[in-house]
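Worksheet for the structure shown next.
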Amino acid sequence: MEICELTAHKLHNLLTSKEIRAEEVCLAVFKRINQVEDKVKAYLSLVREEALEKARAVDRKIDRGEAISPLAGIPVALKDNLCTKGLKTTCASKILYNFVPPYNATVVDKLRQEDAVITGKTNMDEFAMGSSTENSAFQKTCNPWSLDCVPGGSSGGSAAAVAAGEAICALGSDTGGSIRQPAAFCGVVGMKPTYGTVSRYGLVAFASSLDQIGPFARDVTDCALMLNAISGHDSMDSTSVPTELPDYRNALVEDIDGFRIGVPAEYFAAGLDDRVRRVIEEAITVLEQRGARVEETTLPHTEYALSTYYIIAPAEASSNLARYDGVRYGYRVEEAEDVVDMFSRTRSRGFGAEVKRRVMLGTYALSAGYYDAYYLKALKVRTLIRRDFERAFEKFDFLISPTTPSTAFRFGEKVDDPLTMYLSDVFTLAVNLAGLPGVSIPAGFVDGMPVGLQLIGKPFSESTLLRAAYTFEQSTAHHLKRPPLTGEVK
Amino acid sequence: MTRYEPVIGLEVHVELQTASKIFCHSSTAFGGDPNNHVCPVCLGLPGTLPVLNRNVVEAAIMVGLSLNCSVARFCKFDRKHYFYPDLPKNYQISQYDLPIAYDGYLDVEDEDGQPVRIGITRVHMEEDAGKLLHQGTIATTPYSLVDYNRTGVPLLEIVSEPDMRSPQEARAYLDKLKTIIQYTGVSDCRMEEGSLRCDANVSVRVRGSDTFGTKTEIKNMNSFRALQKAVQYEIERQIECLETGERIVQETRTWDETRGVTLSMRSKEEAHDYRYFPEPDLVPIVISPLWIEEITQQLPELPDARCCRYMDAYKLPAYDAGVLTSSKELGNYFEECVSLYPQPKTVSNWLMGELLRLLNDTNSEIGEARVRPAQLAGMLALIDKGTISGKLAKEVFEEMFRTGKDAQAVVKEKGLEQISDEASINAVIEQVIADHPGPVSDYRAGKERALGFMVGQVMKLTRGKANPGLVNRLLKDRLG
Amino acid sequence: MLSREVVDHVALLARLELSEEEKERYASQLADILEYAERLQELDTEDVIPTAHVLPLQNVFRHDTVGQHLPSEETLANAPDREDNCFKVPRII
Ligand SMILES: [Zn+2]
């Protein structure tokens, strides 16, 4: 395996035993970027020089005999909705095409403190609205397993970069499945932590009550290391939990003997690709063989989750995106007649079709006369959806399901039909509505395309999920496969 | 006015004097260069989040309590949406359906001195917007400049019930509200500087009717006097509309100070639809009875209670007590004087007579007065000792007010010390007798009035410095 | 389909200037999504408390202390238009 295809924990061992230098790791990753980025198009911007400088600083630490942190010298990519001081942060939107934040997101500061090497900013659906990364204003990212398929979204760039060896790990954000769905499509591990585990300060908001930052990694161990680095209380985020969080490395134990696992029947209903179903059933068998007790359960309000999500998320988005008006930063139209004209034309030209659609939908749902019927109703159904999970967790340690109803689809397949596109998030978005942790891990393949297994836990049970995911991973070899980077290039 | 009855409610915004803004660590300090008291949070940069300043909550609870409100056990923030360039997020973080305090009142007097209770609907917390700078007026300027220094300064909005029935009552309510808030110390309430802002809802109806007429909202009143004048004008305008059969339009009107009229604010803005929803970036506030108790303990004595205490402990007339407690500083000044010179009515007379007159003449406030309570007390002691006469004391006090010097120093510098030395006075008496033989013989003939003339002459020759009592006695002795 | 008036009103509230083609497309797409959302009305939520926050957090405060301000150059660095130390905008009315 090439250097750029190794895991962070493997590289850490090589670095501390001085078998490799951080600069070499960084060069290897940038070499891979040079080779494949034309095909994958995972990045919106790269910071090669800064990355190499940081890598050399890590090498000097090692030379001085200082202890280094687990992510020191590890090339990490950041989704382009995480604010980076002095480095363009666009959210893949024309309206922020030139925005350079004067501050770092808390997670960026945390990664820097760990001496991680930041490679660049990755492509995404504009403002994280989408499930294919096709809604980027700038470029289409391709799935490394088949270049004529989408990588998923909205964090498609981060998922593709990790899958293609263009980064060792990456950060994404997940509002309705935006980490787990692309992780499943690209055959990597992707985790959405419990709401409040990772500070949202510096994450450009899409839907504030649903957004959560999380890691992409090649295996569960790296996922735990990344989560260790980014989680924890932040006084800059009022919704960040003030409690002490565990060291997730302690969860990397191969033992799920006696675990009770629920399989929600609603997640195996119509719409699920039969071949995906068979892969997940095999995965269930593996878990049973490792001593877990797997039983069917029910989440009766599942069929309402999509509607609930598509009221709440656009409503919050319409509010969060009001600030893009051409006054303080970003794009502004020329020659405006007055302020209202300037605002309206700036926003019309600065936002893409999906963003405008959701802003319209959210504005409508909050407007006078409709608030109770749509927004308030959705908040109430959100309570019912949470209760479904609470009831299931009285009996089970965690739940499992396919991450997505199908494997990665082809470009253009769903762009013209928003509802069908939204349905690709149907297994992931209830987890955001309930604020729960969820992780997608490689579970097998259908026609050479990866399938993700989703584990859903109680609030703050990331350790349980990681332990089960680790046990599954150690019993299988799916996570060791690397993508061919072939396919018909569009 | 007699056939119609005005109905007035006020919405008052008060800027709180915290060190930092409501949701970030930027300073609330006034002045300085534009956009120099901002940070990523109050600029509303993408990705930033608000964190609530605890002192704002405590100030809001304190104001709620001082306005006899119920304090909410549970409250939250909401987003209020409207696009305007001075609003960095194009929504304002405010409170919608669950304000921090509600259902209060305050008592004022109407024109006839009768007590009136004005209901307070609610008190809520919100963030201030930035400032727009124009060349000329907003209507004629070719472009505007935006300064976000004021963005995120904490505000309390205090909404009254439509309980006021005259412009005077509205003014009395605002005066009283200002006094109470100043007493709590959470704001300086300077209307001219914008730390207190007031909008008025005005309607008129036929007296005796129990439904409200169509109301208009009046904005841009920059002083207490402007409020009274604007409301007065608007009432008259609406009555005229009714009399001539014209329809009153529900609208926002702006007060034009120079022309003395309210004008319709026609704008491109659509009918307001603020699309309130709970602020997802802030968590709810739960206020325990214990917390309310702690703040109650910190609550200072409020004007009504202080007024009663002055009447009771200092035996002051109601009028004096009312005036002296109408500002926290004036009351403090009074109490400090009395602690050094324990004759409350004398002190009250001097404050209400001389000090307030001089402050008014110089258009200054009690806090700026150079003459301090100890100096006034010192001067009163000089009167008692006979060093200066009561009449000259006014001249001395004016000088003290102007220069900030002690009474003793002023008396000495100006040579105003009272002459109580018998020999000196007798010498002057001899001269007056010599100069005015007529009145002398009149007096001796039994005309008592002539003595007054003689005393006046002695005072004149001593330029008012002779001790009048002594002059009187010595003259009688001499002529007797 | 949503009526043209509703689409126009919502677009104005959202400060979006939409083309005729966009108005038509959004009118039908929003109607589809809203129709799909209608199924929420099947549920009886009379006594259900709405979930605005998933976490039971309350009373998160900061101390009233003044921190670092942004240097003016950084504040205005991203401004599309500026004059002196202010953001410049076209006339308001
Ligand atoms: Zn600030």
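The values are calculated or read from the model by the stated rules, or taken from the named source; none is laboratory data. On a predicted model such as this, the values are computed, not experimentally measured, just so you know. Cβ coordinates were reconstructed from backbone atoms using ideal geometry, including for glycine residues, and neighbour counts include every protein chain displayed.
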- Item | Number of positions in the stretch B:249-265 that are in contact with a strand residue (DSSP E or B) (Cβ under 7 Å, 6 or more places away or on another chain), hydrophobic (A, V, I, L, M, F, W, C) and more than 18 Å from B:LEU10 (Cβ to Cβ) | 2
- Query: Can you name the condition, by its number, that B:GLU58 falls short on among (1) outside any loop (DSSP other than H, G, I, E, B); (2) within 14 Å of the ligand (Cβ to nearest atom)?
  - Reply: (2)
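One line per residue, one yes/no per condition, for (1) touching a strand residue (DSSP E or B) at 6+ places or on another chain (Cβ under 8 Å); (2) farther than 30 Å from A:LYS414 by Cα:
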site: C:ALA31; (1), (2): no, no
site: C:ALA37; (1), (2): no, no
site: C:LEU40; (1), (2): no, no
site: C:PRO50; (1), (2): no, yes
site: C:PRO56; (1), (2): no, yes
site: C:VAL60; (1), (2): yes, yes
site: C:THR65; (1), (2): yes, yes
- Message: Can you confirm whether A:TYR375 is within 14 Å of chain C (Cβ to nearest Cβ) and out of contact with any helix residue (DSSP H, G or I) (no Cβ under 7 Å at 6 or more places or on another chain)?
- Response: no
- Test: B:VAL71 is touching a Phe, Trp or Tyr at 6+ places or on another chain (Cβ under 9 Å) and within 16 Å of the ligand (Cβ to nearest atom): no
- Task: Look through A:VAL279, A:VAL327 and report the one residue that is more than 30 Å from C:ALA37 (Cα to Cα), crowded, with 18+ Cβ neighbours inside 10 Å and within 10 Å of chain C (Cβ to nearest Cβ).
- Result: A:VAL327
- Does the stretch B:110-126 include one or more residues that are within 16 Å of the ligand (Cβ to nearest atom) and either touching a strand residue (DSSP E or B) at 6+ places or on another chain (Cβ under 8 Å) or of a type in the set (D, E, K, R) (or both)? yes
- Message: So the check is Cβ under 8 Å with 6+ separation or different chains; which pairs have a first residue in the stretch B:29-45 that's closer than 16 Å to B:GLN92 by Cα and a second one that's among the charged types (D, E, K, R) and away from the ligand (no atom under 11 Å from the Cβ)?
- Response: B:LEU43/A:ARG328; B:GLY44/A:ARG323; B:GLY44/A:ARG328; B:GLY44/B:LYS89; B:LEU45/A:ARG328
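Going through the stretch B:149-186 one residue at a time, which ones are of a type outside the set (A, V, I, L, M, F, W, C) and within 16 Å of the ligand (Cβ to nearest atom)?
B:ASN149, B:ARG150, B:THR151, B:GLY152, B:PRO154
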- Message: So for the stretch B:148-163 (the condition being over 22 Å from B:THR252 (Cβ atoms), surrounded by fewer than 19 Cβ atoms within 10 Å (Cβ to Cβ) and assigned by TED's automatic domain parsing to the domain that holds B:LEU67), does at least one residue qualify?
- Response: no
- Please go through the stretch B:159-202 and pick out each residue that is in a strand (DSSP E or B) and out of contact with any helix residue (DSSP H, G or I) (no Cβ under 7 Å at 6 or more places or on another chain). B:VAL159, B:ARG197, B:ASP199, B:ASN201
- What helices (runs of 4 or more DSSP H) completely inside the stretch B:339-427 contain at least 1 residues that are closer than 29 Å to B:LYS315 by Cα and touching a residue at least 40 places away in the same chain (Cβ under 8 Å)? B:344-350, B:356-361, B:373-385, B:390-403
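Tell me, which residue of the stretch C:34-54 that is closer than 30 Å to A:SER235 by Cα and buried (at least 17 other Cβ atoms within 10 Å of the Cβ) is farthest from the other protein chains (Cβ to nearest Cβ)?
C:HIS53
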- Query: Taking the stretch C:77-90 as the region of interest, how many residues are at the interface with chain B (Cβ under 7 Å from one of its Cβ atoms) and either buried (at least 19 other Cβ atoms within 10 Å of the Cβ) or part of a helix (DSSP H, G or I) (or both)?
  - Reply: 4
- How many of the residues in the stretch B:380-401 are buried (at least 21 other Cβ atoms within 10 Å of the Cβ) and closer than 19 Å to B:ASP361 by Cβ? 5
- Within the stretch B:277-301, how many residues are within 30 Å of A:LEU433 (Cα to Cα) and crowded, with 16+ Cβ neighbours inside 10 Å? 10
- Number of the condition not met by A:LEU453 [criteria: (1) of a type outside the set (D, E, K, R); (2) assigned to a loop (DSSP other than H, G, I, E, B); (3) more than 10 Å from every other protein chain (Cβ to nearest Cβ)]: (2)
- Message: Condition check: outside any loop (DSSP other than H, G, I, E, B), at pLDDT 95 or above, more than 7 Å from chain C (Cβ to nearest Cβ) and within 29 Å of B:LEU132 (Cα to Cα). Does A:THR346 satisfy that?
- Response: yes
- Task: Could you tell me whether any residue of the stretch B:5-20 is more than 7 Å from every other protein chain (Cβ to nearest Cβ) and closer than 30 Å to A:THR346 by Cα?
- Result: no
- Message: Can you tell me which condition B:LEU290 does not meet? The list is (1) over 18 Å from B:ILE180 (Cβ atoms); (2) at pLDDT below 95, and all the others hold.
- Response: (2)
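Can you find even one residue in the stretch A:90-112 that is on the phi > 0 side of the Ramachandran plot and surrounded by fewer than 24 Cβ atoms within 10 Å (Cβ to Cβ)? Walk me through it before giving the result.
Taking the stretch A:90-112 as the starting set, the residues that turn out to be on the phi > 0 side of the Ramachandran plot are A:91-92.
Retained after the next criterion (residues that are surrounded by fewer than 24 Cβ atoms within 10 Å (Cβ to Cβ)): none.
Within the stretch A:90-112, not a single residue is on the phi > 0 side of the Ramachandran plot and surrounded by fewer than 24 Cβ atoms within 10 Å (Cβ to Cβ).
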- Confirm whether B:ILE93 is more than 7 Å from every other protein chain (Cβ to nearest Cβ) and buried (at least 24 other Cβ atoms within 10 Å of the Cβ). no
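Is it true that B:ASP406 is assigned by TED's automatic domain parsing to the domain that holds B:LEU356, out of contact with any Ser or Thr (no Cβ under 6 Å at 6 or more places or on another chain) and surrounded by 13 or more Cβ atoms within 10 Å (Cβ to Cβ)?
Spelling it out, B:ASP406 is indeed assigned by TED's automatic domain parsing to the domain that holds B:LEU356, out of contact with any Ser or Thr (no Cβ under 6 Å at 6 or more places or on another chain) and surrounded by 13 or more Cβ atoms within 10 Å (Cβ to Cβ).
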- Query: How many of the residues making up the stretch B:188-202 are in contact with a Cys (Cβ under 9 Å, 6 or more places away or on another chain) and not small (Gly, Ala, Ser)?
  - Reply: 2
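For every residue, the table says whether it meets (1) under 20 Å from the mean Cα position of the chain (by Cα); (2) farther than 30 Å from C:PRO71 by Cα.
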position	(1), (2)
A:ARG21	no, yes
A:ALA51	no, no
A:ARG56	no, yes
A:GLY65	no, yes
A:ALA77	yes, no
A:ALA105	yes, no
- Determine whether B:PRO88 is within 16 Å of the ligand (Cβ to nearest atom) and assigned to a loop (DSSP other than H, G, I, E, B). yes
- Go through the stretch B:4-54 and give me each residue that's within 15 Å of the ligand (Cβ to nearest atom), among the polar types (S, T, N, Q), surrounded by fewer than 24 Cβ atoms within 10 Å (Cβ to Cβ) and assigned to a loop (DSSP other than H, G, I, E, B). B:THR18, B:THR28, B:ASN36
- Note on the structure: Given the conditions (1) surrounded by fewer than 21 Cβ atoms within 10 Å (Cβ to Cβ); (2) more than 11 Å from every other protein chain (Cβ to nearest Cβ), every one holds for B:THR141 apart from (2)
